[in-house]
Amino acid sequence: MTTRVAQGGGLAARLLDALPQTQCTRCAYPDCAGYAQAMAQGAADTNQCPPGGEEGAARLAQIMGQLAKPLNPEYGQEGPRTVAFIDEDWCIGCTLCIKACPTDAIMGSNKRMHTVIEAYCTGCELCLPVCPVDCILLENVSGAATGWKAWSPTLADQARNRYEFSSYQRNRDKGENAKRLEEKALSKLADLPAHSQHTDPAILDKKRAVIEAALARARAKREPG
């Protein structure tokens with residue numbers, strides 16, 4: 001989504017450029033690009049980004065040609081820049097925080113201790129709710145500075161690039177996995193009796209119908225047009 005909005009240019013792209021790129025979803029959209037697109041379409045207001053704070057809301061309003069509004073508390077409060085860190089004594093290596101991190105700022109493997117790469121963490125907090133042992137804490141790294149005074153265009157560009165690359169990798173992996181599953185389903189469909197413990201033709205026909213329907217849904221998702 002991010003790449004599509006950026007390539008599309010125009011109002012949505014300018015709004016996206018003005019966002020802090022924390023990808024925190026606090027604005028009620030899946031990422032900064034989604035929020036930018038919604039603002040450009042008139043579906044979202046300019047005061048829904050707590051990481052950007054009051055200054056960020058003013059920037060967005062200016063781009064939209066509107067009067068600046070106070071940050072809407074429904075979406076959170078402006079605050080200092082935070083960085084997540086993991087209590088190594090409690091981490092069980094479940095990898096859930098790694099999957100939740102939008103900028104690949106967490107390193108680790110299954111059943112091994114995880115570590116946050118501080119330079120890449122946006123403080124999005126998305127790792128907190130998924131941790132089953134509550135071993136992730138947030139640390140204030142900007143003192144009294146909040147919003148854009150605690151952030152910077154350089155950090156925003158870095159976060160945006162890492163998010164776009166991470167999204168590309170995850171979508172690619174998802175596509176490759178879907179292709180493998182489809183190939184297995186086709187193989188099974190080609191010789192269903194050999195892949196089933198049942199010999200009853202009625203049961204086999206029912207299974208065949210289920211597999212064919214699943215393949216049809218997969219093709220429909222891949223080729224929406």
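See the values below:
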read-out	value
Options Lys69, Lys99: the member that is modelled with pLDDT of 95 or more and open to solvent by 70 Å² or more (accessible area, probe 1.4 Å)	Lys69
Within the stretch 102-126, considering residues that are in contact (Cβ under 8 Å) with a residue 60 or more places away in the chain and out of contact with any Phe, Trp or Tyr (no Cβ under 8 Å at 6 or more places or on another chain), the one most open to solvent (accessible area, probe 1.4 Å)	Glu125
Residue that is surrounded by the most Cβ atoms within 10 Å (Cβ to Cβ), among those in the stretch 23-48 that are within 23 Å of Lys99 (Cα to Cα) and of a type in the set (A, V, I, L, M, F, W, C)	Cys32
Every pair of residues 6+ apart whose Cβ atoms lie under 6 Å, when the first sits in the stretch 60-81 and is closer than 23 Å to Leu138 by Cα while the second is acidic (Asp, Glu)	Leu71/Glu54; Leu71/Glu78
Evaluation of Ile86 against (1) touching a Phe, Trp or Tyr at 6+ places or on another chain (Cβ under 8 Å); (2) hydrophobic (A, V, I, L, M, F, W, C); (3) over 21 Å from Pro51 (Cβ atoms) (one fails), failing number	(1)
Unmet requirement for Trp90, which otherwise passes all of (1) closer than 22 Å to Leu16 by Cα; (2) open to solvent by 80 Å² or more (accessible area, probe 1.4 Å); (3) not acidic (Asp, Glu)	(1)
Meets criteria (under 19 Å from the mean Cα position of the chain (by Cα), open to solvent by 40 Å² or more (accessible area, probe 1.4 Å) and farther than 19 Å from Arg160 by Cα) for Val130	yes
Any hit, the stretch 77-84, residues being in contact with a helix residue (DSSP H, G or I) (Cβ under 7 Å, 6 or more places away or on another chain) and buried (at least 17 other Cβ atoms within 10 Å of the Cβ)	yes
Those residues of the stretch 141-160 which are within 17 Å of Cys24 (Cα to Cα) and open to solvent by less than 80 Å² (accessible area, probe 1.4 Å), in sequence order	Thr146, Gly147, Trp148, Ala150, Trp151, Ser152, Leu155, Ala156, Gln158, Ala159, Arg160
In the stretch 55-84, the residues that are of a type in the set (Asp, Glu) and touching a Pro at 6+ places or on another chain (Cβ under 7 Å)	Glu78
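The values are calculated or read from the model by the stated rules, or taken from the named source; none is laboratory data. These numbers were taken from a predicted model, which means no experiment stands behind them. Cβ sites come from the backbone with ideal geometry, for glycine too, and all protein chains shown count toward neighbours. These area figures cover heavy atoms from the full protein model, side chains too; ligands, DNA and RNA do not enter into them. Shrake-Rupley method; radii C 1.70, N 1.55, O 1.52, S 1.80 Å.
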